[in-house]
Amino acid sequence: MLTSWVVMPTCLPLIVRRCHTCASERLRANGKFRVNAHHKLLDAWLLAFCTGCGATAKLPVLERVNVRSVRPALLARLHGNDPGLAAELLRDPVVRRRDRIALDWDDAWRLDIGGSDYLDREVIDVEVRFAARIPVRPVRLIAEGCGLSRAEVERLIVAGKLVSGVRLTGKLSDGFTFTLKR
């Protein structure tokens, strides 16, 4: 029987970018936007705050765009400070590359295993899905979901008792399946 686990975001991730005021390299976005109009041109920024000194950084969303070319729904979300839009923008690889930022997902996700009644079985088949593209080490997910240490999970991999169609070392952000034999 295949069991399903889901990796879900719990909050917006930290933004890895140097603060322009202090030496901190982490910014926190809270979903607030600033929209500024210059006659018929529009600028919009996602506001992020330094975790060290609290200084405000502006991450460009729109730059000198004609007001008529912006979809009304997007403009309403910007004016309404939609946290869902902030999450979408932070996950967008084009925005991350353009703004030269990376994301720090530590403490910004949780693993939903849907109960633990199956953990005492001899063989466990698990499908892991990601609600968002969160890079996580599979060894960490398996250890957390099965109540094992990471070292024990790595020993099970070496012994051939933990198998998967994907490589379980490194980080993954796509779904995968694994089988654990005790």
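Do we find that residue 125 is open to solvent by 30 Å² or more (accessible area, probe 1.4 Å), within 12 Å of the chain's Cα centre (by Cα), within 30 Å of residue 165 (Cβ to Cβ) and of a type in the set (Asp, Glu) in this structure? So residue 125 fails the test. The residues in region 9-47 that are open to solvent by 60 Å² or more (accessible area, probe 1.4 Å), aliphatic (A, V, I, L, M) and part of a strand (DSSP E or B) can be counted, and the count is 2. Hey, can you tell me all the residues within region 152-174 that are part of a helix (DSSP H, G or I) and in contact with a helix residue (DSSP H, G or I) (Cβ under 9 Å, 6 or more places away or on another chain)? If the condition is that a residue be part of a helix (DSSP H, G or I) and in contact with a helix residue (DSSP H, G or I) (Cβ under 9 Å, 6 or more places away or on another chain), then 152, 153, 154, 156, 157 are the ones that fit. Of all residues in region 48-70, those being in contact (Cβ under 8 Å) with a residue 24 or more places away in the chain, small (Gly, Ala, Ser) and either under 14 Å from residue 16 (Cα atoms) or open to solvent by 70 Å² or more (accessible area, probe 1.4 Å) (or both) number 3. Residue 160 meets all of the listed conditions (1) exposed (fewer than 13 other Cβ atoms within 10 Å of the Cβ); (2) touching a residue at least 60 places away in the same chain (Cβ under 8 Å) but one, namely (2). Within the option set 119, 78, 141, being open to solvent by less than 50 Å² (accessible area, probe 1.4 Å) and within 30 Å of residue 58 (Cα to Cα) holds for one residue only, 78.
You will find that of 89, 111, 85, the residue that is in a strand (DSSP E or B) and in contact with a helix residue (DSSP H, G or I) (Cβ under 6 Å, 6 or more places away or on another chain) is 111 and no other.
Of all the numbered requirements in (1) open to solvent by 40 Å² or more (accessible area, probe 1.4 Å); (2) farther than 21 Å from residue 12 by Cα, residue 131 misses one, and that requirement is (2).
Only residues that are in contact (Cβ under 8 Å) with a residue 12 or more places away in the chain and more than 13 Å from residue 15 (Cβ to Cβ): list them for region 85-103, please. Answer for region 85-103, where residues must be in contact (Cβ under 8 Å) with a residue 12 or more places away in the chain and more than 13 Å from residue 15 (Cβ to Cβ): 85, 98. Regarding region 131-138, can at least one residue be identified that is without any contact (Cβ under 8 Å) to a residue 40 or more places away in the chain, assigned to a helix (DSSP H, G or I) and within 23 Å of the chain's Cα centre (by Cα)? No: zero hits. Annotation: residue 177 fulfils all but one of (1) at pLDDT below 90; (2) among the polar types (S, T, N, Q); (3) in contact with a Gly (Cβ under 9 Å, 6 or more places away or on another chain); the unmet one is (1).
Listed conditions (1) farther than 30 Å from residue 176 by Cβ; (2) hydrophobic (A, V, I, L, M, F, W, C); (3) open to solvent by 40 Å² or more (accessible area, probe 1.4 Å); (4) over 23 Å from the mean Cα position of the chain (by Cα) are all met by residue 2, apart from (1). Of the candidates 160, 165, 175, 147, the single residue that is over 23 Å from residue 93 (Cβ atoms) and either of a type in the set (D, E, K, R) or touching a strand residue (DSSP E or B) at 6+ places or on another chain (Cβ under 8 Å) (or both) is 165. Looking at this structure, is residue 157 in contact with a Lys or Arg (Cβ under 9 Å, 6 or more places away or on another chain), modelled with pLDDT under 95 and of a type outside the set (Asp, Glu)? When the stated conditions are applied, residue 157 does not pass them.
The values are calculated or read from the model by the stated rules, or taken from the named source; none is laboratory data. Just so it is clear, the model here is predicted, and its values are computed rather than measured. All Cβ positions, even for glycine, are placed from backbone atoms using ideal geometry, and neighbour counts span all protein chains on display. Side chains included, ligands, DNA and RNA excluded: accessible areas come from the protein's heavy atoms. Shrake-Rupley method; radii C 1.70, N 1.55, O 1.52, S 1.80 Å.
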